[in-house]
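Peer 1: First the structure, which I've put down as structure tokens, then a few questions once you've had a look.
The values are calculated or read from the model by the stated rules, or taken from the named source; none is laboratory data. Being a predicted model, the structure only gives us computed values, none of them experimental. Note that we place each Cβ from the backbone using ideal geometry, even for glycine, and neighbour counts take in every protein chain shown.
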2 protein chains.
Amino acid sequence: MTETASVRPLPVSEVSSWDFEADVVVIGYGIAGVCAAIEARNAGADVLVLERTGGWGGAAAMSGGFVYLGGGTALQQALGFEDTAEEMEKFLLAALGPGVDKAKIHDYCQGSVEHFDWLVAQGVPFKEEFWGEPGYEPPADQGLMYSGGENAAPFNAIAVPAPRGHLAWTRDKKLGEKGGGYMLMEPLAQRAEKLGVRHEYDVRLRRLVVDEAGRVVGVAATRYGKPVHVRAARGVVLATGSFAYNHEMVERYAPKILGRPAATVEEHDGIGIRVAQALGAELAHMDATEVALIVDPQLVARGILVNGRGQRFITEDTYAGRMGQAVLQDQQNQAYLIIDEVALEEALETESAMSFLRTPPKWVAETVAELETEMGLPEQTLQATIELYNRHAAEGKDPLLHKKPEWVKPIGTPLGAYDLRGYTGGFTLGGLRTDLDSRVLHVSGEPIPGLYAAGRVTSGICAGGYASGCSLGDGSFFGRRAGVSAAADK
Amino acid sequence: MTETASVRPLPVSEVSSWDFEADVVVIGYGIAGVCAAIEARNAGADVLVLERTGGWGGAAAMSGGFVYLGGGTALQQALGFEDTAEEMEKFLLAALGPGVDKAKIHDYCQGSVEHFDWLVAQGVPFKEEFWGEPGYEPPADQGLMYSGGENAAPFNAIAVPAPRGHLAWTRDKKLGEKGGGYMLMEPLAQRAEKLGVRHEYDVRLRRLVVDEAGRVVGVAATRYGKPVHVRAARGVVLATGSFAYNHEMVERYAPKILGRPAATVEEHDGIGIRVAQALGAELAHMDATEVALIVDPQLVARGILVNGRGQRFITEDTYAGRMGQAVLQDQQNQAYLIIDEVALEEALETESAMSFLRTPPKWVAETVAELETEMGLPEQTLQATIELYNRHAAEGKDPLLHKKPEWVKPIGTPLGAYDLRGYTGGFTLGGLRTDLDSRVLHVSGEPIPGLYAAGRVTSGICAGGYASGCSLGDGSFFGRRAGVSAAADK
């Protein structure tokens, strides 16, 4: 999308003929789109999905595949974890704020058990196995994992921890073929097809078509550059993803992640947000971003993270998404991982160690003083930090940041340091403001007639923070709502 | 404004008669509005200002009155300070980012000397006296001061420092009657009146009036609840201020300052942003906020600031706006000022000490260890911090944060600590995206015909950072542009 392409609504009077027609037109065949399509079809609507690439999948199929669910899902119960919607809500309110949409979080937590069952009913498989080690993803096909720092400080003192990262059974992950996101999408897309959901690929959304009363009645798109007009008798569902790949929007709304999008796809150019903004749609949390520290968590937990002043700033055994935000936002992307030789070797031998970052430390030294000098840190700062850390670690405790005792060991010599600049990446979390029925809201507060949205084109349950699985989670959950609402909009 | 009041554009066909007419209609009689009005009138337009309160002033008249200008203004030169537009631009790019509108900053720096002369030509007086001590404002009627941390780390190593906070001569400030902002606004409002600018008070903007082609041709307002329709033959200038007092907008766009607006007025409810959003206007940097640490800078410079982990995090002799942002954003509003008895007494005796925060420290103790325990900080953290600080201070240096030697002294005993929660306040900096001619841009990239904006209803030269005087600075600078552009829009 370039800024010269108009995203203004097209009056229906200017549409001479429709190329396609359906009750509900879903734009984007990722997680939000497929769930909207299934539910709209289940509600009796004729459904057409328009997808700009050559097939279903979206960012979801490329992702790790976490779905953040809890409150006592069948999988949590089978694996012996107790959880309640209330504890889940407590955690999400603390971890995803400030400024979260409290009504959305409450609704999401209350409906979480049912939503898990629904995914299973659609054919999504989850293996009954728990993975308890630090890591981005389980090493194989384990189905449940902590994915938001629930069992690390400070959250383990705020809400009863439970693992809530649910992963679709990847079956053949050991063969290195498909990730969890793909295995979540595949059964859902198959389900949609079986139900009779139609789709048209290689069709790109350009503008919304509106009638004289301001109701959205279709879309203007292009296929290989040629205009395509699609009528939506009941409603249009925007499921077009984030704006992480729109440089201008990132510069204006979320400049902290400029130049470092990750974990999403190039199609995420914000077009769905644009066409709705042109109708007066309200936005929310456009600055919110997921930012992960892309360094093996097995490594990080065994070392200490320090900032440009040689000070520790976050417990090293927490969720990589919290560490990434702390590095990029609170520490202005100045951070280092300090680890001794013994711990480094130990980390590399663990089962879930990731191979892609087995680079050696940037600096190595025989003493802390030497390392401090080599790194160019202010004199005596790293020394003071490690002296204090080691004094407490000798007693197995970390009163500064409450890292769990299992990860607290004095840092010995020789030791090394990684420069973490360049090891953060993320995507945008802000977008259209929607209500609990996934209706797109106007700046005046009322819904824009005929327009629905879900997934990362919207602002979902996240604001200032993130937990892995929230995007596939609220995208699927409120995607279903969008389908139900649009189908009922006669 | 409540969300039930429609902000949707009103078709001109629904306006039966006009209550007022003018070439250029300016909404809001603060700094941006008055400058727009003067320049539109100078360009030969018939100008009408609509103001919702009973008189001119806006947030500007209530403010300290800094105008951020440089590049070698007549005042800088008269006081012996060298400055160039290039050094000013270097500083602003480093201090106001990331994500700043580079074209706006460049333009602003290049035009800064002329803009100062223009203010003087309108009758705004500036006293040729420099104030060099830390503080929010000069103690009396000094006209020039550092107002953005230019001469503190890290900026003093990035650009040649020059004081750029220009203050209108308050004449009677010692009598406690009027602040610098009032004395900036008064001559400008008088000038506008002399030029024949008309005004209508107690008129509240509700909606923009648009013709069939989408051009803004007037406004729908209310006066004491009754509808008022105003025709704008050439253009409408929005100068309605920020959204700092719109709770819902702050929650959705800038939740970090929820509950702590300051340095603005209740009329800043975002209405100008809303009515333009309803037309498809683009926004920028809606999360950006000015956040000041509202503690006497004379006190802060003589102590050390520590976070909830007992660590220092920012040089204590910098601009209060940078310290406020660091406390609220980077340290999640957990911060303390540590100061010893001798330094505290010294600070209270300085000429510019502010009386309104002469509260005693929350905690006092005979030793650092005792203070650390009383404050509930993690054990040995504050002790380690002060030990390191004092070791360096004994040599008159601060390698950690580069506080200037004049403020670096070992911290003695007895000593005390202030809890800084509750001592930060700010306002919003985000808003409508405008071009260098102050035209309001649509999400498609092109200007919305007939619509102009300046001041805090727009995103100006600031994004992630702030310097005192930037708001009155870009508000007046681009307010003039709005007036020129609207007058030429025949």
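Peer 1: In this structure, does A:Asp330 turn out to be within 12 Å of another protein chain (Cβ to nearest Cβ), in contact with a His (Cβ under 8 Å, 6 or more places away or on another chain), among the charged types (D, E, K, R) and under 30 Å from A:Pro138 (Cα atoms)?
Peer 2: Against the criterion (within 12 Å of another protein chain (Cβ to nearest Cβ), in contact with a His (Cβ under 8 Å, 6 or more places away or on another chain), among the charged types (D, E, K, R) and under 30 Å from A:Pro138 (Cα atoms)), A:Asp330 does not qualify.
Peer 1: Does A:Gly460 satisfy the condition of being within 14 Å of chain B (Cβ to nearest Cβ) and either surrounded by fewer than 23 Cβ atoms within 10 Å (Cβ to Cβ) or outside any strand (DSSP E or B) (or both)?
Peer 2: So A:Gly460 passes the test.
Peer 1: If you don't mind, there's one more thing I want to ask. Go over the candidates A:Arg252, A:Arg274 one by one and state the one that is at the interface with chain B (Cβ under 8 Å from one of its Cβ atoms) and within 17 Å of A:Arg52 (Cβ to Cβ).
Peer 2: Result: A:Arg274 is the single residue among A:Arg252, A:Arg274 that is at the interface with chain B (Cβ under 8 Å from one of its Cβ atoms) and within 17 Å of A:Arg52 (Cβ to Cβ).
Peer 1: Another question about this same structure. Applying the selection to the range A:160-192, what residues are closer than 19 Å to A:Gly70 by Cα, modelled with pLDDT of 90 or more and not in a loop (DSSP other than H, G, I, E, B)?
Peer 2: A:Gly165, A:His166, A:Leu167, A:Gly181, A:Leu184
Peer 1: Which of the following residues is within 14 Å of chain A (Cβ to nearest Cβ) and touching a helix residue (DSSP H, G or I) at 6+ places or on another chain (Cβ under 9 Å): B:Gly416, B:Gly431?
Peer 2: None of the other options fit; the residue is B:Gly431.
Peer 1: Here is a follow-up. Being assigned to a loop (DSSP other than H, G, I, E, B), in contact (Cβ under 8 Å) with a residue 60 or more places away in the chain and more than 14 Å from chain B (Cβ to nearest Cβ) is the filter; apply it to the range A:398-413 and report the residue that is nearest to A:Arg322 (Cα to Cα).
Peer 2: Ranking the candidates gives A:Lys404 first.
Peer 1: Looking at (1) under 20 Å from the mean Cα position of the chain (by Cα); (2) crowded, with 19+ Cβ neighbours inside 10 Å, which is the one condition that is false for B:His106?
Peer 2: Answer for B:His106: the failing condition is (2).
Peer 1: Please go through the range A:265-294 and pick out each residue that is β-branched (Val, Ile, Thr) and surrounded by fewer than 24 Cβ atoms within 10 Å (Cβ to Cβ).
Peer 2: A:Val265, A:Ile294
Peer 1: Let me ask another. Please verify whether A:Leu299 is hydrophobic (A, V, I, L, M, F, W, C), touching a residue at least 12 places away in the same chain (Cβ under 8 Å) and at the interface with chain B (Cβ under 9 Å from one of its Cβ atoms), treating the condition exactly as stated.
Peer 2: So A:Leu299 fails the test.
Peer 1: Quick check on B:Leu208: is it crowded, with 24+ Cβ neighbours inside 10 Å and farther than 21 Å from B:Ala60 by Cα?
Peer 2: Yes.
Peer 1: Oh, and also: Counting only residues that are touching a Ser or Thr at 6+ places or on another chain (Cβ under 7 Å), at negative phi and small (Gly, Ala, Ser), how many does the range B:1-31 have?
Peer 2: Of the residues in the range B:1-31, 1 are touching a Ser or Thr at 6+ places or on another chain (Cβ under 7 Å), at negative phi and small (Gly, Ala, Ser).
Peer 1: Here are the criteria: (1) touching a helix residue (DSSP H, G or I) at 6+ places or on another chain (Cβ under 7 Å); (2) more than 10 Å from chain B (Cβ to nearest Cβ); (3) surrounded by 24 or more Cβ atoms within 10 Å (Cβ to Cβ); (4) within 29 Å of B:Ala288 (Cβ to Cβ). Tell me which single one A:Gly235 does not satisfy.
Peer 2: A:Gly235 satisfies all of (1) touching a helix residue (DSSP H, G or I) at 6+ places or on another chain (Cβ under 7 Å); (2) more than 10 Å from chain B (Cβ to nearest Cβ); (3) surrounded by 24 or more Cβ atoms within 10 Å (Cβ to Cβ); (4) within 29 Å of B:Ala288 (Cβ to Cβ) except (4).
Peer 1: Taking B:Val230, is it at pLDDT 95 or above, buried (at least 23 other Cβ atoms within 10 Å of the Cβ) and within 14 Å of chain A (Cβ to nearest Cβ)?
Peer 2: Judged against the criteria, B:Val230 is not a match.
Peer 1: Taking the range B:59-97 only, how many residues are in a loop (DSSP other than H, G, I, E, B), more than 14 Å from chain A (Cβ to nearest Cβ) and not charged (D, E, K, R)?
Peer 2: Adding up the residues that qualify gives 12.
Peer 1: Let me ask something else. Of the residues A:Gly44, A:Gly30, A:Gly65, only one is surrounded by fewer than 24 Cβ atoms within 10 Å (Cβ to Cβ) and either over 21 Å from A:Thr222 (Cα atoms) or modelled with pLDDT of 95 or more (or both); which?
Peer 2: Going through A:Gly44, A:Gly30, A:Gly65 in turn, the sole match is A:Gly44.
Peer 1: For the range A:5-51, which residues satisfy the criterion of being of a type in the set (A, V, I, L, M, F, W, C) and in a strand (DSSP E or B)?
Peer 2: Matches in the range A:5-51: A:Leu10, A:Phe20, A:Ala22, A:Val24, A:Val25, A:Val26, A:Ile27, A:Val47, A:Leu48, A:Val49, A:Leu50.
Peer 1: Check whether at least one residue in the range B:255-265 is more than 9 Å from chain A (Cβ to nearest Cβ) and at pLDDT 95 or above, and report yes or no.
Peer 2: Taking every residue of the range B:255-265 in turn, none turns out to be more than 9 Å from chain A (Cβ to nearest Cβ) and at pLDDT 95 or above.
Peer 1: One residue is enough: does the range B:132-146 have a residue meeting the conditions modelled with pLDDT of 95 or more, hydrophobic (A, V, I, L, M, F, W, C) and in a loop (DSSP other than H, G, I, E, B)?
Peer 2: no
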